[in-house]
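Here is the structure we will look at.
The values are calculated or read from the model by the stated rules, or taken from the named source; none is laboratory data. Since we're looking at a predicted model, the values are computed, not measured. FYI the Cβ positions are ideal-geometry reconstructions off the backbone, even for glycines, and counts take in every protein chain you see. Only protein heavy atoms, including side chains, enter the accessible area calculation; ligands, DNA and RNA are left aside. Shrake-Rupley method; radii C 1.70, N 1.55, O 1.52, S 1.80 Å.
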Amino acid sequence: MNFELNETQKNIKKVMAAFFSAEILPGAAAFDACSREEAAAAMRSGMKKLGAAGYLNLLLEDDLVGQCVAGEEAARACPATFVSAMSSATAFGVPVKRFGAPAQQEKYLPGVATGDVIGGLACTESDAGSDLSGIRTTATKNGAHWVLNGSKYLVSNAPIADALLVLAWTDRAAGLDRGLTFFIVEKNAKGLAVGEPLETMGLRGVLVSELVLTDCELPEDAVLGRQTGLGHGQYLHVMEYVKIALSAMSVGLGVACMEDSTAYAKSRKAFGKPIGLFEGVGAKLATMFTANDLGRMLTHRAAGAMAQQDPESPVLTACAKLFTSESVNEIADLAMQVHGGHGYLKGTTIERFYRDARYAVIAYGTSEMQRAAIARDSLDKFKS
């Protein structure tokens, strides 16, 4: 396997690194201190910057390794901006592109690419996370309309979204394979209520809230792709893209932790010399570098396999998500140790990274879920 980036991908890295450093990094820390209203306005503005830079359009294209390269730079600058963009362009835009009817693609994708339309994915409920069979939201046909009832929980981008993909039962008796359907629900839909933004530990620039659908009336053409019963398969498909994206995020955040720790280890002195020259500190920096490099290679391998429709792709995405998410938490812990008491202070960069990293092992399939998927794959291969 060739681990070298091609010329296009090298240019993506160069251009995106310069853009995120100049336009997004300076405002990253402000998300922790500002109000939810200010965060919403800043994120909307940021999304338009991402659109103008071509980042959001890149997330809708087919170069998955290029997406990882750009995503790493995005997360390195501001993990919250990365997650909000992923929620719009990857979690909402990709399924519309892959499965949407032509009219749906024409209506939403140009705006998603420019940042003028912000999307989101609404699947999780208070009693249903990875277990989609626990979903209670229903959609019932009533003449020329669909009527949705239920609620969704922890929906990223909900307070700023123009449109959301909502997963609901259209035929519970048909089971997961044929009973779930995605609906495109616009922010002004009758019967849709968006809750107040929830306070999160990390990634405070990502606006998260609950949705309540009470006799929410939608037109017939709100069904993703105009065909019911395909929601489960579509969900599994888009989760592969999301896991790749989150792997790139973990690598980018890990690199940011390493860079900040390296700079601190060079400037901070103890016993007459920079602390980076002490073996214990240097070993931590070496561990960070190694984990980031391994995570990047595993992420790019999974992205390449997915692009080539390799049958090993699902297990590789699970491996990438598992390794990188757990690695970035270890890296953030090591970075905190390098910074000592300074890192423990509220408002420092490492304190923010430490909180942000926790998201990676929880979101879109916990580490336990990834291990279960990898184990099932191994057991299926080696059945006696």
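Across the options 35, 297, 139, the greatest Cα extent toward the positive end of the charge dipole of the chain (unit charges at beta carbon of Lys, Arg, Asp, Glu) belongs to 297. Taking the Cα centroid of segment 341-363 and of segment 211-286, what is the distance between the two, rounded to the nearest whole Å? If we compute the Cα centre of each part, the gap is 13 Å. Helix 102-114 axis versus longest C-alpha principal axis of the chain: approximately 30°, rounded to the nearest ten.
Once the Cα gyration tensor of segment 334-379 is found, what semi-axes does its equivalent ellipsoid get, as square roots of 5 times the eigenvalues, in whole Å, sorted largest first? Could the numbers behind the result be given before it?
On the way: eigenvalues 213, 24, 5 Å².
The equivalent ellipsoid of segment 334-379 has semi-axes of 33, 11, 5 Å.
Dipole of the chain, Cα-centred, from +1 at each Lys and Arg C-beta and -1 at each Asp and Glu C-beta, to the nearest 20 debye?
Numbers: 37 positive and 42 negative charges, 123 e Å.
Dipole magnitude for the chain comes out near 600 debye.
If you plug the beta carbon distance of residue 277 and residue 21 into 1/(1 + (r/R0)^6) with R0 = 22 Å, you get a FRET efficiency near 0.20.
If you model segment 1-121 as an ellipsoid using its alpha carbon gyration tensor, with each semi-axis the square root of five times an eigenvalue, the axes come out at 22, 21, 11 Å, biggest first. A dipole drawn for the chain from +1 and -1 charges on Cβ atoms has a positive end, and of 264, 64, 369 the residue lying farthest that way is 264.
For segment 308-315, the Karplus equation 6.51 cos²θ - 1.76 cosθ + 1.60, evaluated at θ = phi - 60°, returns couplings of 8, 6, 5, x, 7, 4, x, 6 Hz by residue, with Gly and Pro reported as x. Whole-Hz Karplus values for segment 42-47 come out as 5, 5, 4, 5, x, 5 Hz, taken residue by residue from phi with 6.51 cos²θ - 1.76 cosθ + 1.60 and θ = phi - 60°; glycine and proline positions read x.
The peptide list 157-170, 211-224, put in order of mean Cβ contacts within 10 Å with the highest first, becomes 157-170, 211-224.
For residue 210, neighbours were defined as the other residues whose beta-carbon sits under 11 Å from its Cβ, and their charges (Lys and Arg +1, Asp and Glu -1) total -1.
About the Cα centre of segment 1-114, what is the dipole size in debye to 20, counting +1 per Lys and Arg Cβ and -1 per Asp and Glu Cβ, all else neutral? Let's see the in-between values first.
Working: 11 positive and 12 negative charges, 41 e Å.
Dipole magnitude for segment 1-114 comes out near 200 debye.
Here the spin labels are modelled as points 7 Å beyond Cα on the Cα-Cβ line, and at residue 266 and residue 310 they lie 3.6 nm apart.
From the cross-link list 141/190; 273/346; 97/141, which pairs have alpha carbons spaced over 18 Å apart? Write down the numbers at each step before the final one.
On the way: 141/190 16 Å; 273/346 27 Å; 97/141 25 Å.
Over 18 Å Cα-Cα: 273/346; 97/141.
May I ask you to order 28-38, 308-318 by the average number of other C-beta atoms within 10 Å around their residues, highest value first?
On the way: 28-38: 14.8, 308-318: 16.9.
Per-residue mean Cβ counts within 10 Å order the peptides as 308-318, 28-38.
Neighbours of residue 267 by Cβ distance under 14 Å: Lys/Arg scored +1, Asp/Glu scored -1, total +2.
Based on the alpha carbons, how large is the Rg to Rh ratio for segment 132-203 when Rh follows Kirkwood?
Working: Rg = 13.6 Å, Rh = 13.6 Å.
My calculation puts Rg/Rh at 1.00.
Restricting to DSSP H runs of at least four residues, report the calculated mean residue ellipticity at 222 nm for the chain, -39500 (n - 2.57) per run over all residues, nearest 500 deg cm²/dmol. All intermediate terms of the calculation are to be shown ahead of the outcome.
Working: 15 runs with 206 residues, N = 384.
Counting only the DSSP helices, I get -17000 deg cm²/dmol.
The angle separating the long axis of helix 7-19 from the principal Cα axis of greatest extent in the chain is about 80 degrees. Near the amide H of residue 230, within less than 5 Å, lie the amide hydrogens of 182, all on another chain or at least 5 residues away, with H placed in the peptide plane. Counting only alpha carbon atoms, the long axis of helix 64-77 and the longest principal axis of the chain meet at about 60°.
Test of understanding: extend the Cα→C-beta vector of residue 342 to 7 Å, then name every residue of segment 233-268 with backbone N under 18 Å from that spot. The answer is 256-268, whose backbone nitrogens lie closer than 18 Å to the label point. For the chain, with the dipole built from +1 on Lys and Arg beta-carbon atoms and -1 on Asp and Glu ones, taken about the Cα centre, which of 170, 227, 123 lies farthest toward the positive end? It is 123. Among the listed options [x] 20.9, 62; [y] 21.1, 80; [z] 29.2, 116, the one matching Rg and Dmax of the Cα atoms in Å as calculated from these coordinates is [y].
Charged side chains reduced to their Cβ positions (Lys and Arg at +1, Asp and Glu at -1) give segment 321-383 a dipole of some 160 debye around its Cα centre.
Stretched out fully, how many nm does the piece from residue 6 to residue 382 gain, at 0.36 nm a residue minus the Cα gap?
Values: separation 376, 0.36 × 376 = 135.36 nm, distance 3.62 nm.
Separation in residues times 0.36 nm, less the Cα-Cα distance, equals 131.7 nm.
Nearest 0.05, what FRET efficiency do residue 366 and residue 286 give at R0 = 30 Å with Cβ-Cβ as r? Efficiency for this residue pair is about 0.55.
Rounded to the nearest percent, how much of the accessible area of the chain (1.4 Å probe, protein heavy atoms only) is carbon and sulfur? Working shown, then result.
Working: 9230 of 17040 Å².
Here it works out to 54 percent.
Put simply, the amide H of residue 278, placed in the peptide plane, has no neighbours under 5 Å, leaving out anything fewer than 5 places away on its chain. In this structure the chain gives 44 Å² per residue of accessible area when probed at 1.4 Å with all protein chains present.
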